[in-house]
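Read through the structure below, which is laid out as structure tokens, and then see the notes.
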Amino acid sequence: MTLASKITLVRVAFIPLYMVLMYLSCGESGLWMWLALAVFVVASLTDYVDGQIARKCNQVSDFGKFLDPLADKLLTIAAMTMFCEWGAMPAWALMLVLTREFAVTGLRLVAVGKGTVIAAGKSGKFKTASTMVGLCVMMAFPSVVWISTVVVAVIIVTTVYSGIEYFIQNWNCLWDK
């Protein structure tokens, strides 16, 4: 197993710790929320680090290609689920994010079946980065409603845009040739 994949596994391992800290915070600013934020930030930064190591050290692997985006999705969805539970994020917004993730994953599976690999696009990377930053802001200011509203709006716009872009650019993968 490559170093890059090990770092990705650390991100996955941080998710249960993050969830426990979020539950202990009860959605309020304080020690537990700040600790949850710290774990989330470190976990988010591993996304950048593992990618850099994989590319620079020629450690790109099929396992890493599978695990890295899965780890991102699990981390961000864990945070969004907590915010839904506390009423800081509407459930329909989380459902929109989940729908996009399943749809893009399905598109990628169809493409692989036809011998095509769909690489992560810039809009997808921007969506992930802006979602992670936005969720950090929501954790830093959990009781500021307008911040949650703005973050949810950014998540929705970037999610929809990147999802549409993936399908427009890879529409041909859905049809039999």
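The values are calculated or read from the model by the stated rules, or taken from the named source; none is laboratory data. Predicted, not measured: the structure shown is a model, and the values here were computed from it. So basically every Cβ, Gly included, is an ideal-geometry build from the backbone, and we count neighbours across all protein chains shown. Note: accessible area is taken over every heavy atom of the protein model, side chains too, but ligands, DNA and RNA are not part of it. Shrake-Rupley method; radii C 1.70, N 1.55, O 1.52, S 1.80 Å.
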Exercise. Considering only the stretch 17-36, how many residues are open to solvent by less than 20 Å² (accessible area, probe 1.4 Å) and among the hydrophobic types (A, V, I, L, M, F, W, C)?
Worked result: 4
Exercise. From the list V117, V110, V104, which one is part of a loop (DSSP other than H, G, I, E, B) and either free of Cβ contacts under 8 Å to residues at least 12 places away in the same chain or over 26 Å from E28 (Cα atoms) (or both)?
Worked result: V117
Exercise. What tally of residues in the stretch 1-16 results from selecting those that are in a helix (DSSP H, G or I), loosely packed, with under 15 Cβ neighbours inside 10 Å and either acidic (D, E) or more than 17 Å from the chain's Cα centre (by Cα) (or both)?
Worked result: 2
Seminar exercise, completed: Being in a loop (DSSP other than H, G, I, E, B) and under 30 Å from W32 (Cβ atoms) narrows M132, M89, M138, M95 down to just M89
For this session: Please specify each residue of the stretch 111-143 satisfying the condition of being open to solvent by less than 60 Å² (accessible area, probe 1.4 Å) and more than 16 Å from the chain's Cα centre (by Cα).
Result: A111, T116, I118, A140, P142
